[in-house]
Amino acid sequence: MAAKEVVKSHAEAAGEAPVRQRILEAAFSAFMERGFAETSTLEIATRAKASKRELYAHFGSKQEILAACIGERANRMRMPADLPAPTDRETLARTLTAFGSNFLREISDPTVVAVFRLAIAEAIRAPEVAKALDDAGIAASRTALRDLMTRARTAGLLNGEPAEMAEQLVGLLWGTQMMRVLLGVADRPIPREVARRAEAATAALLRAYSGSR
């Protein structure tokens, strides 16, 4: 084993986080405190107790670090991979409710809310923050939801346009709650409220777009 690998193994065995993870944690903390535009790669490296050479060995630019920071957190909003294919109304209702519960639970997580606030704060100076958030989490989640709606329409369970139905469900799930959480005037919904909202949104969508079966 090379000397460099021995040092790395000893550091990780002693509980020191890998360099890449330290960089991401330091970057996210700095972005939240100072903003994306005002944070330098030198500051990130210093906070991570890493050299700039190590930083650039893992990331090509500050934008790549940002995308990785957001990607780790935005992935939580994606649809669970184990949702069953809709074959009847009951299965579809359970699937949509499961999606809605997961979506609300993860999008209201404090770290995800922090990413949304960062994107809003940097919308003018660093629009790439919002784009990274949209690409990594929001768009991916809605694509998966549109696919589910398409399968449900093919099965005769829904009769609307998949994109429209996906937007409607997300709107029904969010309501005004997300805005209130972002403003800090409402707490993260408790599990019982998450379940209630997911069930109510699903029921409203199925009433509006009920298919032939």
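The values are calculated or read from the model by the stated rules, or taken from the named source; none is laboratory data. Since this is a predicted model, take the numbers as computed values, not measurements. Glycine also receives a Cβ, built like all others from the backbone with ideal geometry; neighbour counts cover every protein chain displayed.
Things to note:
- Residues satisfying the stated conditions in segment 178-213, i.e. among the β-branched types (Val, Ile, Thr) and over 21 Å from Gly156 (Cα atoms): Val181, Val185, Ile190, Val194
- Of the candidates Glu122, Glu106, the single residue that is acidic (Asp, Glu), in contact with a helix residue (DSSP H, G or I) (Cβ under 8 Å, 6 or more places away or on another chain) and under 22 Å from Gly171 (Cα atoms) is Glu106.
- Qualifying residue in segment 167-190 (condition: closer than 30 Å to Lys62 by Cβ and crowded, with 17+ Cβ neighbours inside 10 Å): yes
- Within segment 135-166, the set of residues being surrounded by fewer than 17 Cβ atoms within 10 Å (Cβ to Cβ) and among the hydroxyl-bearing types (Ser, Thr, Tyr) comprises Thr143, Thr150, Thr154.
- Some residue of segment 82-95 being touching a Phe, Trp or Tyr at 6+ places or on another chain (Cβ under 8 Å), buried (at least 16 other Cβ atoms within 10 Å of the Cβ) and modelled with pLDDT under 90: yes
- Single match in Glu16, Glu38, Glu25 (criterion: modelled with pLDDT of 85 or more and over 16 Å from Ala68 (Cα atoms)): Glu38
- Ala186 being small (Gly, Ala, Ser) and touching a residue at least 40 places away in the same chain (Cβ under 8 Å): no
- Some residue of segment 109-131 being more than 28 Å from Phe31 (Cα to Cα), surrounded by 15 or more Cβ atoms within 10 Å (Cβ to Cβ) and free of Cβ contacts under 8 Å to residues at least 12 places away in the same chain: no
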